[in-house]
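To start, the structure itself, in structure tokens.
Every number in this text was worked out from the coordinates using simple rules, so none of it is lab data. All of these numbers come straight from a predicted model, not from anything done at the bench. All Cβ positions, even for glycine, are placed from backbone atoms using ideal geometry, and neighbour counts span all protein chains on display.
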Amino acid sequence: MYGRGVDLHVTLDGRGDFAARIYRQLRDAVLDGRLRPGERLPPTRELARRLDVSRNTVAAAYDRLTAEGFLVGRVGAGTFVGAVPGHPPPARKSPEAPAGSGLRPRRLWESIPDREYGEEHAYPYDFGVGVPDGRLFPLETWRRLLGRELRPRVAGYGEPEGHAGLRAAIARHVGVARSVRAGADDILVTQGAQQALDLIGRVLVEPGSCVAVEEPGYPPARQLFQSLGARVVGVPVDGEGLDVAAIPSSARLVYTTPSHQFPLGTPMSLARRTALLGWAERRGAVVVEDDYDSEFRFSDRPLEPLQSLDRGGRVIYVGTFAKTMLPTLRLGFLVAPAALRPVLRKAKRLTDRHGEWYTQAALARFIDDGLLARHVRKVSREYAGRHERIVATLERDFADWLELVPSAAGLHLCARARPGVDVDDVRRRARAAGVGVQALGDFCAQAPTQPGLVVGYGAISLDRIDEGLRRLASCFSPDRSAAGPPR
Ligand SMILES: Cc1ncc(COP(=O)(O)O)c(C=O)c1O
């Protein structure tokens, strides 16, 4: 805003009929939607002073615009943009570069898809993966904590590694909840797990070097390392987790989700964890441990994270608050071996200086006051109920078509299709029946040898699960749809 009106950019360099030029620029701004009906223009005196012209010049332009209906004067209130027919006009576009202008992005971006892995959340029975239930988020408490932090402070930049109070709180939290060995100085706060992976890739991945990821796995990780120029190789996952013997010997970085393999859901066995750490030590490689949703555990005791088993300083532990809090907060962190910390800090500074301070401060308080632990306990009970209901129904009503992959944590589970089941066809029918469910193939770089479905329960409430699964069952066997699945 300028003075008491809109601060519109008007250019009057050189000589010429200033009133006509002011008129044209204001008229164009109204016509193309930069100035919207009802907005107040600066008083003639103020605009004249700003443009260094006489007040009469501006008044002449305003008079003409008023006569033509672009502006309306209200006595005692000022001059406003009028209700011009045709509003709102089509959105303005930035200039197009002509073909052959040489404006070409790097070729590798051609292989990176435009979308995340699915659009399941658009369906009324939403078994999509990757999100917690926003309705369970303690919004009032969060508003209060954030409000308390929104107070004047020195208007400078913060430290790249993040808010000191939050780093200390995270270190305590992951020490207690996940037995991660870290102090406040070991924590780098990031904008979600994705930025942690980006920073790690920036400091460790040489263009053309080999990065090993799980197959099936987490597409945003695979694509990110590809975008940084890595040669990304998928390593198969079996009932014990990542097949360590199949990691290419040239890999210098291995990305894995050992607590709750994404998307299969199996935990990595202790034998595999030990083997992976031994492999990394022998090869001088780094293991990135993405512990994205293991706070939600429904039965057995969790295995130790790789980070706390690591004796050779090979593991970078990545955590996120996308599931325990909200994905839109963009809050995560990494814990790196001491040798990598200074360079990760530099990468963070160059990438975005640091994350958003008030949110970090509010999260620090949320953790310190015990509210995160309480929230996780509460939502875990809710998710456990959903998990149990889905497991029971799949085992009872889907046994002819699907075989559950055992898992006891997180916000999704996976079921392999039995021979003869056309998963893509089931998914198509499901969408038509209002059910969003993911195919295992969505998370594979190569078509999976045994396809399946990935069923998320972060977004769907318990009371919609039965009907959603009843509809889903009818998609496997259309002739039974009228009666519903066997009970
Ligand atoms: C394997 C895995 N890692 C990390 C995340 C969270 O990423 P972020 O913290 O960037 O939202 C997800 C979310 O779906 C995930 O599935």
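Taking N as the number of residues in the stretch 275-395, what is its Cα Rg relative to 2.2 N^0.38 Å?
The value comes to 1.28.
Along Cα→Cβ, 7 Å out, is where each label goes; now give me the distance between the ones at Ser299 and Ala122 in nm to one decimal.
3.6
I need two numbers for the stretch 1-59: Rg to one decimal and Dmax as a whole number, Cα atoms only, in Å.
Cα-based Rg and Dmax for the stretch 1-59 come out at 11.0, 32 Å.
With no solvent and one point on each alpha carbon, what is the Debye value of log10 I(q)/I(0) for the chain at q = 0.09 Å⁻¹?
Log-scaled intensity ratios, in q order: -0.77.
Straight-line reach from Lys323: which lysines fall under 17 Å, measuring Cα to Cα and dropping same-chain residues less than 8 apart?
Lys378
With Rg and the Kirkwood Rh both taken from Cα atoms, where does Rg over Rh land for the stretch 186-285?
0.95
Would you mind checking the stretch 19-46 for residues with the amide N under 20 Å from a putative spin-label position 7 Å along Cα→C-beta of Thr66?
Output list for this probe position: 19-31, 35-46.
In the stretch 195-239, how does Rg compare with the Kirkwood Rh, expressed as the Rg/Rh ratio over alpha carbon atoms?
My calculation of the ratio gives 0.98.
When Rg is the radius of gyration of the Cα atoms in the stretch 339-395 and Rh is its Kirkwood radius, what does Rg/Rh come to?
With Rg and the Kirkwood Rh in hand, the quotient comes to 1.27.
With a cut-off of 8 Å between alpha carbons and a minimum separation of six or more residues, what is the relative contact order of the chain in percent?
18
Lys and Arg at +1, Asp and Glu at -1: add these up for the other residues within a Cβ distance under 12 Å of Leu329 and post the number.
Here the charged neighbours net out to +1.
Under DSSP H, which helices of the chain have Cα atoms covering 24 Å or more of the helix axis and a Kyte-Doolittle average no less than 0.5?
Correct list, ordered by number: empty.
Please give the FRET efficiency for Arg92 paired with Arg24, using the beta carbon to beta carbon distance and R0 = 22 Å, rounded to the nearest 0.05.
0.85
Length gain on complete extension for the stretch Thr274 to Thr11, per 0.36 nm per residue less the alpha carbon to alpha carbon distance?
This chain segment gains 87.9 nm when fully extended.
In what order do Ser407, Ser249, Ser380 fall by count of nearby beta-carbon atoms within 10 Å, going from fewest to most?
Fewest-to-most Cβ neighbours within 10 Å comes out as Ser249, Ser380, Ser407.
How are the Cα pair distances of the stretch 354-472 distributed, in percent, across 5 Å bins from 0?
Final binned percentages: 2, 10, 17, 19, 15, 10, 8, 8, 7, 3, 0.
In what order do Lys93, Lys323 fall by count of nearby beta-carbon atoms within 10 Å, going from fewest to most?
Lys93, Lys323
Report the paramagnetic label zone for Val75: residues of the stretch 38-55 whose backbone N is under 15 Å from a point 7 Å from Cα along the Cα-to-Cβ axis.
none
Using helices alone, I'd like the mean residue ellipticity at 222 nm for the chain: each DSSP H run of four-plus residues gives -39500 (n - 2.57), total over residue count, nearest 500.
Helix-only estimate at 222 nm: -11500 deg cm²/dmol.
Convert 25 °C to kelvin, take the viscosity as 0.890 mPa s, use the Kirkwood radius over C-alpha pairs of the stretch 97-153 as Rh, and evaluate the Stokes-Einstein diffusion coefficient in µm²/s, rounded to a whole number.
Estimated via Stokes-Einstein, D reaches 146 µm²/s.
Looking only at the chain, where both bridge partners belong to it, what percent of the DSSP beta bridges are antiparallel (to the nearest 5)?
Among the beta bridges of the chain, antiparallel pairing accounts for roughly 60 percent.
From the backbone phi of the stretch 289-296, what are the Karplus-calculated ³J(HN,Hα) couplings (6.51 cos²θ - 1.76 cosθ + 1.60, θ = phi - 60°) in whole Hz, Gly and Pro given as x?
Result, ordered by residue: 9, 9, 9, 7, 8, 6, 4, 8 Hz.
What is the P(r) of the stretch 59-158, as percent of Cα-Cα pairs per 10 Å bin from 0?
Histogram of Cα-Cα distances, whole percents per bin: 9, 14, 13, 24, 29, 11, 0.
Any idea what the dipole of the chain comes to, in debye rounded to 20, about its Cα centre with Lys/Arg Cβ at +1 and Asp/Glu Cβ at -1?
1640
If I take the Cα coordinates of the stretch 97-218 and project them onto the principal axes, what are the three extents in Å, biggest first?
53, 42, 37
How much of the DSSP beta bridge set in the stretch 207-284 is antiparallel, as a percent to the nearest 5?
20
Debye calculation, C-alpha points only, no solvent: report log10 I(q)/I(0) for the stretch 310-349 at q = 0.16, 0.18, 0.26, 0.34 Å⁻¹, in the same order as the q values.
-0.51, -0.61, -0.87, -1.06
Along each of the three principal axes of the Cα atoms of the stretch 32-92, give the extent in whole Å, ordering the values from largest to smallest.
34, 26, 18
Considering just Cα atoms, how many Å³ per residue does the convex hull of the stretch 238-298 enclose?
Cα-based convex hull of the stretch 238-298, divided per residue, equals 83 Å³.
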